[in-house]
Structure formats: C-alpha cells, structure tokens
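Each remark here refers to the structure printed beneath this line.
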Amino acid sequence: MRVIGLMSGTSYDAIDAAAAELSLVGDSLVLKPLGMVSEAYDDELRAALAAALPPGSVSMAEVCRLDTRIGQAFAAAAVRADRELCEGRAELVASHGQTVFHWVDEGRVHGTLQLGQPAWIAEATGLPVVADFRPRDIAAGGQGAPLVSLVDLLWLRGRPGTPVALNLGGIANLTAPDGTAFDTGPGCALIDAAAHGFSGGRLAYDVDGALAARGRVRPVLLDRLLAEPYYALPAPKTTGKELFHVGYLHTALAGVGTLPAEDVIATLTELTARTVADAVRAVEATEVIASGGGTRNPVLMGMLGDQLPGVPVRASDELGLPSDAKEAYAFAVLGFLTAHGLPGTVPTSTGARHPSVLGSVTPGRDGLRLPPAAGNGPVRLVLE
C-alpha cells in the first residue's frame, strides 16, 4: 500500500509529506521510502497560527478559519506528494494535523487538539484519510504522545546494546527499547522563541546554531531554567508550548539582568542538551539515534555530544530514515496500521490502559474501501 504521511510539528515551519510503500511480510512491516516534499506555511497563515498558540487567545471563529486553512494547506501538500512521489497512485493519506493545544493538568493529559480538517485532504486527493491520531490514546488513559514510539521500537529492535530514538523538534522526545517514552523538554521551542524575539521576527530559528556559537552559557540563567518541575516528573509524561513558550522565557529572564541575545540562546541550547542528556542517562542508553530539525543545529548536537561522552549520537539518516522526514514516515506507518485494524500505541510508552487502533477515517472519492484486517501486528520494521 502506498501511503502519504503528513506532519507539521511544534515548530510549525512547514508541512512535510513523506510517501512510503508499506507491506506486511510475516511478522515484519516493510517500508520502502519514496521521498518527501515540504511545503512552508504562507506568511499570513503562519502568523495567524503563531498568534493562536499559547499564551495567545483566539475566538472560535478564528479556530474555524485555522482548521480550514491548515486543512487546505495539508491537502495541497498531499496532492503534490501523490503527483511527485507516487505517480498519482497513492492509496491512503495519514495526517497528523497541526497541534495547537495539549491539555495537561498535574501530569495527566485530558485532551489534545490538532487542526487541519481532513475533509479538505480527502476532497483534493480523492483518497481516504486517517487523522486525529492522538485522542484515542488519551481516551484510554494515555498521554497521546509520543506516538512515534511504536515505530521507533519496531525499527530499532535487534540493534545491540540499548539504543534510544530521539526526536529534536520544538519539543524533544525519547523512546527506549523497553518501551519507556516521554517528552524530555523544550527541544528547540525556547531557542526558536528567543531567535524570533531577539531578531525582531526576522529569524524563525537559530540558523546553523550561529547565534549560540557566538554566545556563552550563563550559569545563573541555566540554573533557573533547570529548576523547572517538569524535568523531575516520572515517565510517561508529555509537554508542549502550553508550558515552553515565549512568556515562559520572559519569566525566566526576569531578574537576571540584561543579557546579550547570543548568551541567552547559547544558554537555551545548553538547556536542551542537558535535559536530553539527563533523559538518555536515566534509561542507560548506549546509542542515540536522532532525528528532527534540531539535528541541523551543529552547536546543539555538539553540546549533546559533550554531555554524553562515550555514547554515540548519530542521525537517523545513517540507518536509512531521513531525519527531516522521519516523523512523516512514522505517521504513514500509523495510518497503515489503522487501515489494517492494528493498534498504533504501546501502553508502556504512553501510559494508556491498553493498545488502541488510532484515528478517525474520512472516506475518499470512491467511499471507504479498507484492506482486510490483519491478524497480528508486526514485531519489527524493515527498511528497503
């Protein structure tokens, strides 16, 4: 089955559309990557989305407009992926949507909201669409994240030692071989917020870590940031920009005096490296396989390597999954599993009471024609 996975992460810089040929062969799920295309949000939509995210406040009318416009943007990315990567022969679209809120209270997740109305995708492509992956796991008592954990566990099974998968997006998350999975902290979220603020909106992120490279870590600010109670919570746990947003950064900066922008960003980069490294040490990892936009920041990757002497830190590209496309491929896998009636969660990763078949399905132009339900789920992921 040819599946297109659509993903826009907490950095909301672009919609990634990855296409894969997927098949069940014995107890293996075989994935043949077909490539990825990326579509940036237009400036107007990106600004509207930024205004809607915490700590922003918007009307229900604006939520409706965002749901529609994000859905249309996802639809355009899916059409392009089908044409350029699948020769017009895709059979299913799996859309993560755009997370705008993750409702966490005292460590428990009560709800989550991803915008990007899948009807627009189904209408534009003519294909069935699996969307709204996270709510079912939350309804089963889970965190609704990290959902890529199942894919990580299948993919890394059989590697020697204790390999962990790390995603360095706006929020960083980690998956260990025993199924332990959790968000480690802000990833690039605070770095991005600082780069955007100090540049007067000119920069969306610290390009190539250039600002951090010119700064120095300020211990007083770092200690204040490391005192965040989230880091001490036990797994499974999840977080988001509901906590780690620009207002959070302003609060942390209050009382430490005026600091150069480069020093603030260097300190935030060290914060991410330190909190990720603490999480890696906690699960006694012997190898880190990293993906996500943060892998393109050489200063962050260098700081992480310094924090983890003797533990190799390598990009997922070395194992056959492009780091920029890994999450989009992961949601293609989750959509494939849903279409075959197979669970897409690991309870030890999300804290749910039981595994769940994820998502809601929007029929395509020819109605809903899903493949026969598979008997047993795969135990490993094989890349062709």
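The values are calculated or read from the model by the stated rules, or taken from the named source; none is laboratory data. The shown structure was predicted, so the numbers you read here are calculated from the model rather than taken from an experiment. No Cβ is skipped: glycine too gets one built from the backbone with ideal geometry, and neighbour counts run over all protein chains shown. Just the protein is used for accessible areas: all its heavy atoms, side chains included, with ligands, DNA and RNA removed. Shrake-Rupley method; radii C 1.70, N 1.55, O 1.52, S 1.80 Å.
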- Here the residues within the range 159-171 that are farther than 18 Å from residue 317 by Cα, in contact with a strand residue (DSSP E or B) (Cβ under 8 Å, 6 or more places away or on another chain) and of a type in the set (Gly, Ala, Ser) are 161
- Looking across the range 22-35 at residues that are in a strand (DSSP E or B) and either of a type in the set (Val, Ile, Thr) or free of Cβ contacts under 8 Å to residues at least 24 places away in the same chain (or both), the single one that is nearest to residue 339 (Cα to Cα) is 23
- Would you point out the residue of the range 76-93, among those that are touching a strand residue (DSSP E or B) at 6+ places or on another chain (Cβ under 9 Å) and small (Gly, Ala, Ser), that is surrounded by the most Cβ atoms within 10 Å (Cβ to Cβ)? 78
- Message: Among the listed residues 258, 269, identify the single one that is within 25 Å of residue 49 (Cα to Cα) and either of a type outside the set (D, E, K, R) or open to solvent by 50 Å² or more (accessible area, probe 1.4 Å) (or both).
- Response: 269
- Do you know which of the residues in the range 320-343 that are in a loop (DSSP other than H, G, I, E, B) and open to solvent by less than 10 Å² (accessible area, probe 1.4 Å) is farthest from residue 16 (Cα to Cα)? 342
- Query: Tally time: how many residues in the range 288-312 are in contact (Cβ under 8 Å) with a residue 60 or more places away in the chain and buried (at least 18 other Cβ atoms within 10 Å of the Cβ)?
  - Reply: 11
- Task: Answer with yes or no whether residue 142 is assigned to a loop (DSSP other than H, G, I, E, B), more than 30 Å from residue 303 (Cβ to Cβ) and under 19 Å from the mean Cα position of the chain (by Cα).
- Result: yes
- Just wondering, is there one or more residues in the range 344-359 that are open to solvent by 40 Å² or more (accessible area, probe 1.4 Å) and closer than 22 Å to residue 13 by Cβ? no
- Query: Could you say whether any residue in the range 148-168 is small (Gly, Ala, Ser), closer than 28 Å to residue 50 by Cβ and open to solvent by 10 Å² or more (accessible area, probe 1.4 Å)?
  - Reply: no
- Of the residues in the range 155-181, those that are out of contact with any Cys (no Cβ under 7 Å at 6 or more places or on another chain) and assigned to a strand (DSSP E or B) number 10
- Looking only at the range 187-219, count how many residues are out of contact with any strand residue (DSSP E or B) (no Cβ under 7 Å at 6 or more places or on another chain) and part of a loop (DSSP other than H, G, I, E, B). 12
- Taking into account only those residues within the range 220-245 that are in a helix (DSSP H, G or I), touching a residue at least 12 places away in the same chain (Cβ under 8 Å) and within 18 Å of residue 256 (Cβ to Cβ), which is farthest from the chain's Cα centre (by Cα)? 220
- Task: Output the residues belonging to the range 49-74 that are in a helix (DSSP H, G or I) and surrounded by fewer than 18 Cβ atoms within 10 Å (Cβ to Cβ).
- Result: 50, 51, 60, 61, 62, 63, 64, 65, 68, 72
- Task: Answer yes if at least one residue in the range 106-114 is part of a strand (DSSP E or B), in contact (Cβ under 8 Å) with a residue 24 or more places away in the chain and small (Gly, Ala, Ser), and no otherwise.
- Result: yes
- Query: What is the one condition in (1) farther than 18 Å from residue 198 by Cα; (2) within 20 Å of the chain's Cα centre (by Cα); (3) modelled with pLDDT of 95 or more that residue 293 does not satisfy?
  - Reply: (3)
